[in-house]
1. List the residue pairs whose Cβ atoms are under 7 Å apart, where the first residue sits in segment 605-633 and is within 17 Å of E503 (Cβ to Cβ), the second is in a loop (DSSP other than H, G, I, E, B), and the two are 6 or more positions apart or on different chains.
2. Taking the condition of being of a type outside the set (K, R) and assigned to a strand (DSSP E or B), how many residues in segment 667-689 meet it?
3. Name the residue, out of L352, L336, L391, that is under 19 Å from the mean Cα position of the chain (by Cα) and over 26 Å from L266 (Cα atoms).
4. So which helices (runs of 4 or more DSSP H) stay within segment 1-91 end to end and still have 2 or more residues that are in contact with an Asp or Glu (Cβ under 7 Å, 6 or more places away or on another chain)?
5. Out of curiosity, is V875 in contact (Cβ under 8 Å) with a residue 12 or more places away in the chain and under 29 Å from the mean Cα position of the chain (by Cα)?
6. Among the residues of segment 604-615, what is the count of those that are surrounded by 14 or more Cβ atoms within 10 Å (Cβ to Cβ) and either at pLDDT 95 or above or within 23 Å of F643 (Cα to Cα) (or both)?
7. Considering only segment 746-756, I want to know if a residue exists there that is within 22 Å of A840 (Cα to Cα) and β-branched (V, I, T).
8. Tell me which helices (runs of 4 or more DSSP H) are completely within segment 767-844 and hold 3 or more residues being in contact with a strand residue (DSSP E or B) (Cβ under 6 Å, 6 or more places away or on another chain) and among the charged types (D, E, K, R), or say none if there are none.
Amino acid sequence: MAALPLPALHASHGGCWLRDGGGGTRTVAKGEAVMAAADTPLLMLNAPLIATRLGYPDLSGLDLLELFAFVHPARFVVPTPKGMAHALALDEPRGDSDVPALLQQAAGALLATCESADWTEREGAWTTLETLTRLRWPWAAALAGRIARPRQAERWLFSRLPEWEDAPELPQPRQVTLDQADILARLQRLTGSGAEPRPGQRAYATEAGYAFEPRERSDQPRVLLAQAGTGIGKTLGYLAPASLWAEQAGGTVWVSTYTKALQRQLRQESRRAWPERRADGSQPVVVRKGRENYLCLLNLEDALQGGFAGRAAILAQLVARWAAYSRDGDMIGGDLPGWLATLFRQRGIAALTDRRGECVYAGCPHYRKCFIERATRASAQADLVIGNHALVMVNAARARDPASRPTRIVFDEGHHVFDAADSTFAAALTGAETIELRRWVIGPEKASRGRRRGLSARLADIASYDEAGARAIAAARAAAEALPGDGWLQRLVENAPSGPIEELLAAVRGVVYARDESGGQEAGYGLETEAAQLDGPFIERTQAARAAIADLRQPLIRLGVRLEALLEDPPDWLDGPGRARIEGARHSLAWRIDLLAAWEALLERLGGPADGDFVDWLAVDRSDAREFDIGIHRHWLDPMKPFARVVLEPAHGVIMTSATLRDGADWNTAIARSGARHIGVEPRLCAHESPFDYASQAEVLIVTDVPRGDIPALAAAYARLIEASGGGALGLFTAIRRLRAVHGRIADRLARAGLPLYAQHVDPIDIGTLVDIFRDDPTASLLGTDALRDGVDVPGHSLRLAIMEQVPWPRPSILHRARRLAGGGSAYDDSIIRARLAQAFGRLIRSRADHGHFVVLSAAFPSRLLTAFPAGTPVRRVLLEEALQRIAGHVSGEGAPQGNHVSPSA
């Protein structure tokens, strides 16, 4: 296996290294590196990241990640030199200067694979390469001649994918009561005979069995709130009774998560209870996500046939390679590499999913091979469905089919159910939402080579035969002209709105800016104001907009009624494809009609008496001082009211579980946020403390001498803390602006010490991949915001220091202010802060072997918040110098001086 003798470039915060084809490596300045890359294609790894390091966004070359995605589609690799070396069984580089040589070796190894008889992903490669050559893919020339032309023509992607098969509906589950001894025996089987005894896990598993007992009254599910500290083993704890119930009752259990990371973990853990496939080939365990997560084969076909151009067309070819080998077609968090989209610096991945809800269902030529439909049907026959909170709630609200209305649900990461319900049951009349609806009805205003042509085009053959349906479509199309069109935001900025809804949005923008009291201090963030004290002209605009929305909703309702009538009494001309298009249109119409009704209700109440169940506000959404959306928002004051009615009432048994479900020893918040009392159910409660020895494994250090708001001091503190720990630090920020400022000040310094630093909102890498990189390198550190505070599982030495830049106070939004007032004022804030601290601390200690420090940079950390940390955890208020000594002393194994110990119960 010979190295590829092409020049290679590597750049990090520590410098740049260039290696020529003859084998000589030298250090170069950024300018020389950019010039070298402009002169000739260079080997590099993760071109967008290298471009960021060099400050040259137009950088391009021979990216090893693109070649890896072609040679090994649907195969995992951490997108770093070390990760590439491990994936290809090469020696990992000892330092940055060795990376260019590794790139040459890795390129040679990947190219050699293409010539090997053992290449398992050969099928389709030659055909794809022919197209990539025409698209002038940089790697095409290097691959030419290495992939032998197959003796027989390769099957096209869509002919290779298997078809799903219909199956009869499962009968109603049998009513069974699980025996505790059987639950414990099943748990023993799942954990293995040699597993360490966990009394807490055994108790948890038997408690979880309560939710699987027959309910006693209609609309009164058995609800269990189960606090399970880190290390209890709650996943297997609830899978034990869940798998036993599915086996004995013949029913389906849904486990719902908030993060994709936990979904992946659950898929792995579930293999202990169920095989990958049953004897008949069906799947006992299915992962379900929203439609927007899966590859749409019709969108892919459009892209492959000219809908994408330039680099996007290359992306489509690589995605097609992946689709042929994907386990389930999941593009977001599945086996499509998270870094693939960022390599192409655009939203091409989103364009290949069904984000705009234009699915034609059975009218699609690829319907029988559709990944979404396959997952939907598989879940109806599964013992276990692994979903997410939003999907469970949306499916329950729309109730499209019985399989989407589970009767036994486990909400893992249960502390996020409230937030998920808050998003699911909210309404937002914004420019972005309305223009999407306009495009769905009318079609794009510019010529499109794809299939997104509007409602009238999708139902053209039906409308030509049905006069009533044709009139409804025409009326809907005419009414949709009142919705904002392309360029709406610029027209608002120029005070030249077009149509009643744009006029309303212009009025919203004017009111928000008129009431802004930040004095320009919030230039990088969105602005909002209460939907109250609105003048007469504003109310007149809301009513004109409401009338326009009603004018659109009415013909859509008539169209839905007409389509239903055609299905019930089909005319002679209605063939299979026509029926399929009607079915698809009915599904799409239903939720859009509901959306329009929500907008009407929102506008109708503006200017009238306040509704105590809702919080309304006007907002201008901005990012880096650039406006991107404007609109009116409505959220439930308590979103658990609709959650209880839509999700809990139809269920028979529900478990909400988390390591941070309750506030200290107080269950009141957890009970309120379960929604159970809204339907007259008093939940059963259980709590199982973590088995970890926090007194010896962890230490909380509250650093009191870093001034709040002093960015240079904050950055210096972060740098010194990471240096003291030798990397392995997770830095958590409450503001993106401060994160970027700190990263910009310390990244180069840490790199020179051999400590790589990555950052969310800075590096062009998705969150999942950032965590993969962090987990893979014990010397690396990672900075991030809320998304990294929860759901990140990095056990072991890779995470030994967690740093919070300040107390995570809630953002003082209008919605938060209303809930704070209703929830008890400062006590409501404190419960939120303690939950955030507990979730962040939970990232640090994930196993009995873990040790580490949790640092909060706060001059006046309130003592009432200390109960957020597990009982027995040492908490010390120290100066930065002492914190550095304690961290460095622990890393070196030396004793650390005693500080000012503060009891968590103080």
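1. L606/A531; L606/L534; G607/L534; L618/A531; V620/G526; I632/A531
2. We begin by selecting, within segment 667-689, every residue of a type outside the set (K, R); these are 667-672, 674-676, 678-683, 685-689.
Narrowing further to those that are assigned to a strand (DSSP E or B): 685-688.
Summing the residues that are of a type outside the set (K, R) and assigned to a strand (DSSP E or B) in segment 667-689 gives 4.
3. Values: L336 fails: over 26 Å from L266 (Cα atoms); L391 fails: over 26 Å from L266 (Cα atoms).
Result of the check over L352, L336, L391: L352.
4. Working: elements: 30-39, 47-54, 64-71, 81-87.
Of the helices (runs of 4 or more DSSP H) lying wholly inside segment 1-91, those with at least 2 residues that are in contact with an Asp or Glu (Cβ under 7 Å, 6 or more places away or on another chain) span 47-54, 81-87.
5. On the way: in contact (Cβ under 8 Å) with a residue 12 or more places away in the chain: yes; under 29 Å from the mean Cα position of the chain (by Cα): no.
Criteria not met by V875.
6. Keep residues of segment 604-615 that are surrounded by 14 or more Cβ atoms within 10 Å (Cβ to Cβ), which gives 605-607, 614-615.
Among the residues that remain, those that are also either at pLDDT 95 or above or within 23 Å of F643 (Cα to Cα) (or both) are: 605, 614-615.
Count: 3.
7. Checked segment 746-756: no residue is within 22 Å of A840 (Cα to Cα) and β-branched (V, I, T).
8. Values: elements: 767-776, 814-823, 826-841.
Hits in segment 767-844: none.
The values are calculated or read from the model by the stated rules, or taken from the named source; none is laboratory data. Just so you know, these numbers come straight off a predicted model, no measurement behind them. Reconstructed Cβ throughout: ideal geometry from the backbone, glycine too, with neighbour counts over all protein chains shown.
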